[in-house]
Amino acid sequence: NAGVTQTPKFRILKIGQSMTLQCAQDMNHNYMYWYRQDPGMGLKLIYYSVGAGITDKGEVPNGYNVSRSTTEDFPLRLELAAPSQTSVYFCASSYEGIADEQYFGPGTRLTVT
Amino acid sequence: GDSVTQMEGPVTLSEEAFLTINCTYTATGYPSLFWYVQYPGEGLQLLLKATKADDKGSNKGFEATYRKETTSFHLEKGSVQVSDSAVYFCALPNSGGSNYKLTFGKGTLLTVNP
């Protein structure tokens, strides 16, 4: 059981470039989430999904897109990267909703210069 | 809206010292409450939870009691170890209207020295 996996671990982007952060889970969880973590600011929810084919915006969705074509995978797409998107990104999953334990991946550290 | 206020860090203790990290919340109704821990270079993991008033969550020697009267969920440990050095987050779920999210406190960095 790998749990929640994320790739890449680190990435440096130039302003205006695009990239996709990959996230996969092997626990057959229905719910998946993308967070960003900025220093001293806790975690902010970017997007979430309650099942394959269903996604919705969180607190800070601007500049990002997601898709959920399978239960296992929940990629996060950054279009036209900006310095404000420099952050650590965490993917998480849970079997039931937000009152259930969330399992986090190891994170992707992204720098936009 | 719902919110979590967590004790600012950093907190530095010697091994075997007593730990308290304060957490208070504002919420509609009586949601579950969580403490998550983030060890250096890792993602968050659930440390403990409580689902209703007066519940006590406990794990790895840590405890927290859900206090409805004081809207608090303070984290305590009687004797910390170097391996407890991490960032601790208090969290509560919001599910009203379009607010479907886990609201986190800003985190408290704990360093335990030998």
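The values are calculated or read from the model by the stated rules, or taken from the named source; none is laboratory data. On a predicted model such as this, the values are computed, not experimentally measured, just so you know. Positions of Cβ are generated from backbone atoms using ideal geometry, with glycine treated the same way; all protein chains shown enter the neighbour counts.
Annotations
For (1) of a type outside the set (A, V, I, L, M); (2) surrounded by fewer than 21 Cβ atoms within 10 Å (Cβ to Cβ); (3) not in a loop (DSSP other than H, G, I, E, B), each residue gets a yes or a no:
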{"residue": "A:20", "(1), (2), (3)": "yes, yes, yes"}
{"residue": "A:36", "(1), (2), (3)": "yes, no, yes"}
{"residue": "A:65", "(1), (2), (3)": "yes, yes, yes"}
{"residue": "A:80", "(1), (2), (3)": "no, yes, no"}
{"residue": "A:88", "(1), (2), (3)": "no, yes, yes"}
{"residue": "A:97", "(1), (2), (3)": "yes, yes, no"}
{"residue": "A:100", "(1), (2), (3)": "yes, yes, no"}
{"residue": "A:110", "(1), (2), (3)": "no, yes, yes"}
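- When A:27, A:41 are screened for being farther than 18 Å from residue A:13 by Cβ and modelled with pLDDT under 95, only A:41 passes.
- Within the range B:55-114, being surrounded by 15 or more Cβ atoms within 10 Å (Cβ to Cβ), among the small types (Gly, Ala, Ser), outside any strand (DSSP E or B) and facing chain A (nearest Cβ under 10 Å) holds for B:95, B:105, B:107.
- For the range A:38-55, the candidate set comprises residues that are of a type in the set (A, V, I, L, M) and not in a strand (DSSP E or B); within that set, the residue that is surrounded by the most Cβ atoms within 10 Å (Cβ to Cβ) is A:52.
- Here residue A:39 fulfils each of the conditions (1) within 29 Å of residue B:90 (Cβ to Cβ); (2) under 13 Å from the mean Cα position of the chain (by Cα) apart from (2).
- Residues of the range A:94-113 classified as closer than 16 Å to residue A:19 by Cβ and more than 7 Å from chain B (Cβ to nearest Cβ), total: 6
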